[in-house]
Amino acid sequence: MSFFKIVCGVFVGVLLAIKLKSLGNPLWVYLSIALSVFVLFYIVNRLSLIMDFLDGVMGDIGLESGYFEILIKIVGISYLCEFASNICKESGFLSVASQIEIGGKLTMLVMSMPILLAIVDTINSVL
């Protein structure tokens with residue numbers, strides 16, 4: 001499915017959600033979440049192609065793929081946290097959105113510790 005079709009479908013869904021919201025119907029929140037999940041699945045499908053390509057490049061140049069996997073996981077966490085945070089903000093739960101953002105940042109920090117330790121070890125070996 002082309003991205004143009006995705007955008008057109010989402011645009012129609014957004015117009016419907018705006019109409020539902022103006023009528024006071026609470027279904028607009030669920031429609032908004034469904035549209036967001038639909039786009040997220042499309043993006044994840046495309047990202048898998050990019051990840052396969054980059055994994056092949058990493059193998060060709062001889063770099064350890066463990067660090068690459070950690071970076072991909074960190075990027076995924078940031079996307080999911082932003083996705084969840086935006087849904088919470090749109091629904092009016094600003095404090096929950098802030099907590100999701102803080103939790104995501106702390107999770108990314110913890111996941112990046114092996115990379116930080118590798119950098120420190122490299123610096124120590126040079127000095």
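The values are calculated or read from the model by the stated rules, or taken from the named source; none is laboratory data. All values derive from a computational prediction rather than experimental measurement. For neighbour counting, all protein chains shown are included, and Cβ atoms are generated from backbone atoms with ideal geometry for every residue, glycine included.
Do we have LEU40 as within 30 Å of PHE4 (Cα to Cα), aliphatic (A, V, I, L, M) and in the same structural domain as LEU16 (by TED's automatic domain parsing) here?
So LEU40 passes the test.
Sort through PHE53, PHE41, PHE68 and tell me the only one that's in contact with a helix residue (DSSP H, G or I) (Cβ under 6 Å, 6 or more places away or on another chain) and without any contact (Cβ under 8 Å) to a residue 24 or more places away in the chain.
Only one candidate qualifies: PHE68.
Quick one: is LEU20 free of Cβ contacts under 8 Å to residues at least 12 places away in the same chain, farther than 30 Å from MET113 by Cα, surrounded by 11 or more Cβ atoms within 10 Å (Cβ to Cβ) and among the aliphatic types (A, V, I, L, M)?
Judged against the criteria, LEU20 is a match.
Given the residues ILE77, ILE61, ILE72, which is the only one that is modelled with pLDDT of 85 or more and of a type in the set (Val, Ile, Thr)?
The unique qualifying residue is ILE77.
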